[in-house]
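Please treat every number below as a calculation from the coordinates, not as lab data. No experiment lies behind these values; they were computed from the predicted model shown. Don't worry about glycine lacking a Cβ; one is built from the backbone with ideal geometry, like all the others, and counts go over all protein chains shown.
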């Protein structure tokens with residue numbers, strides 16, 4: 001199962017979603033979920049306000065660098081999650097999986113409380129997505145509860 005978290009700059013929301021998804025994958029033991037992230041016009045660095053509020057939750061994003069997402073990166077993704085910009089703005093290409101736009105505010109330049117609220121919203125959505133992925137896998141294997149939830 002391959003999931004992509006993308007936005008234009010890959011410097012805020014998609015970086016938070018990726019870090020939270022990596023943690024969720026580890027907590028649940030769902031190593032079968034591959035996580036991809038990127039943007040079509042990557043920034044030079046992760047937004048400082050994002051680094052700060054993620055540090056509060058034990059994440060160090062200071063060493064992460066926004067990267068470009070390519071057409072090829074998205075082709076075998078079951079889910080492509082955009083963060084609040086339209087999918088057309090993020091990637092004019094098409095992909096075989098399902099697109100979801102989470103409609104999140106951009107944290108760039110926002111005060112810490114606003115960025116925390118965005119982070120917390122992403123955390124809930126990531127947990128919900130992993131619940132869905134586990135149910136989907138359980139349905140495919142025909143065995144309930146194999147995913148640990």
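Taking every Cα atom in the chain, find the radius of gyration and the maximum pairwise distance Dmax, and write them in Å.
15.0, 47
Output the 0 to 90 degree angle, nearest 10, between the alpha-carbon long axis of helix 112-141 and the longest principal axis computed from the alpha carbons of the chain.
Compared with the principal axis, the helix lies near 20 degrees.
Starting from 0.36 nm per residue, how many nanometres of slack lie between residue 117 and residue 98 once their C-alpha separation is accounted for?
4.2 nm is the gain from fully extending residue 117 to residue 98.
Can you say what percent of the DSSP beta bridges in the chain, counting only those with both residues inside, are antiparallel? Round to 5.
0
In degrees from 0 to 90, rounded to the nearest 10, what is the angle of the helix 13-28 Cα long axis to the longest principal axis of the chain?
Approximately 40 degrees, to the nearest ten.
Calculated from DSSP H runs of 4 or more alone, at -39500 (n - 2.57) each and per residue, what is the 222 nm mean residue ellipticity of the chain, nearest 500?
Helix contribution divided over all residues of the chain: -13500 deg cm²/dmol.
Which order, highest average first, do 38-45, 58-65 follow once you tally other Cβ atoms within 10 Å for each residue and take the mean per peptide?
38-45, 58-65
Could you work out how far apart the two model spin labels at residue 108 and residue 52 are, taking each label as a point 7 Å from the Cα in the direction of the beta carbon, and quote it in nm?
Distance between label points: 1.8 nm.
If you take the beta carbon distance between residue 70 and residue 143 as r and set R0 to 30 Å, what does 1/(1 + (r/R0)^6) give as a FRET efficiency, to the nearest 0.05?
After rounding to 0.05, the efficiency reads 0.25.
Applying 1/(1 + (r/R0)^6) with R0 = 35 Å to the Cβ-Cβ distance of residue 135 and residue 44, what FRET efficiency is obtained, to the nearest 0.05?
0.35
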